[in-house]
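Coordinate-derived values only; no laboratory data. Only a predicted model underlies this, so the values are computations on that prediction, with no experimental measurement involved. Glycine gets a Cβ as well: all are built from the backbone with ideal geometry, and neighbour counts include every protein chain shown.
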Amino acid sequence: MKIDNGDTKKEKNKIKARESRKRKKNYISELEDKVDQLQVENRRLKEELEIIKQQLTKKDLGEDTKSLLTRVIEQGMNFSFQNFY
């Protein structure tokens, strides 16, 4: 005859619920840590991307200037601003 069967079941359920809440809390904490890490990495990568963009822009401008100067020299005295209209 088990009279306290319901009590034992309730106690086990309480323990399982407590463990489940603890696991969920740990899981959420780990996710929050991961979000923080990814935000730091994202900021770093954005900064790196900006630096690369600036370097490419400088390089592209340099190449465009060289190309334009080459065209001007090749055309010599025939160069006029009428070509731009």
Here the net charge surrounding residue 14, from other residues whose Cβ is less than 11 Å away from its Cβ (Lys, Arg +1; Asp, Glu -1), is +3
I want to check a number: in region 7-75, how many lysine pairs have alpha carbons closer than 21 Å, given a sequence separation of 8 or more or different chains? 19
